[in-house]
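The values are calculated or read from the model by the stated rules, or taken from the named source; none is laboratory data. Computed from a predicted model, the values in this text were never measured in an experiment. Don't worry about glycine lacking a Cβ; one is built from the backbone with ideal geometry, like all the others, and counts go over all protein chains shown. For accessibility, only protein heavy atoms count, side chains too; no ligands or nucleic acids. Shrake-Rupley method; radii C 1.70, N 1.55, O 1.52, S 1.80 Å.
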Amino acid sequence: DAVIPNYFDPADFIYSAEKKDYFLYLGRLIKRKGIEIAKETVKAIGGKLVIAGQRRENAPCDEINTDEPYIEYVGFADWEKRRRLLSEAKALFVPTTYIGPFEGVSIEAGFSGTPVITTPWGCFAENILDHVTGFRCATLDDFVWAAKHVDKINPKDCRDWCTKNFTIERVGLMYDHYFTQ
């Protein structure tokens, strides 16, 4: 029928053009979310990766090692911690290895002025403007290049894209069109 995205309130996020010197992974600590890709990328460039998210108990196939010198694991991020981490990160990694249906954290990052480094399929083909609001990467070399060049992304472009496409005003028009067609 139609694809209508989630909506967000820009006031829920802290917009910041000034970034700290870390990359962020924010999500469940499971392999299919691509956390190992984020780790390998940040290790390759000698950067810092802040990881926020919950672990799965008794899931040996998803054991994610966060005990590395370039990683800071901060555990579960409540709303205030989440807002701060998203606004201060130089980029958010969302390198899912499956076809993600929406991955709302990528939009939350955009409202915060934070570029997204992700994979090129699923929702990201529509929600992340390659080289404008982030980078869509297919190989580890792509991810490394993106991490080295993320400072070329303008935080205002990230915020503007999300404001034009994912507010209740914009999404409301999509619902109105759908129900009146």
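Quick look at the numbers
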read-out: For the chain, accessible area per residue (1.4 Å probe, heavy atoms of protein chains only), Å²; value: 51 Å²
read-out: Rounded to whole Å, sorted largest first: equivalent-ellipsoid semi-axes of region 62-107, Cα gyration tensor; value: 19, 17, 11
read-out: Farthest toward positive dipole pole in region 84-156 [+1 Lys/Arg, -1 Asp/Glu at C-beta], among 128, 96, 149; value: 149
read-out: Lysines whose Cα lies under 16 Å from that of residue 164, excluding same-chain neighbours fewer than 8 positions away; value: 156
read-out: Between 0 and 90°, nearest 10: helix 168-180 axis offset from the chain longest Cα axis; value: 50 degrees
read-out: √(5λ) per eigenvalue of the Cα gyration tensor, the chain, largest first, Å; value: 27, 18, 16
read-out: With every protein chain in place, the chain: carbon and sulfur % of accessible area (1.4 Å); value: 51 percent
read-out: Helix 35-45 axis, angle to the chain major axis (alpha carbon atoms, nearest 10°); value: 60 degrees
read-out: 5 Å binning of all Cα-Cα separations within region 1-108, expressed as whole percents from 0 upward; value: 2, 11, 21, 23, 20, 12, 6, 3, 1, 0
read-out: Equivalent ellipsoid dimensions for region 104-181 as semi-axes, Å, which come from the Cα gyration tensor, largest first; value: 27, 14, 8
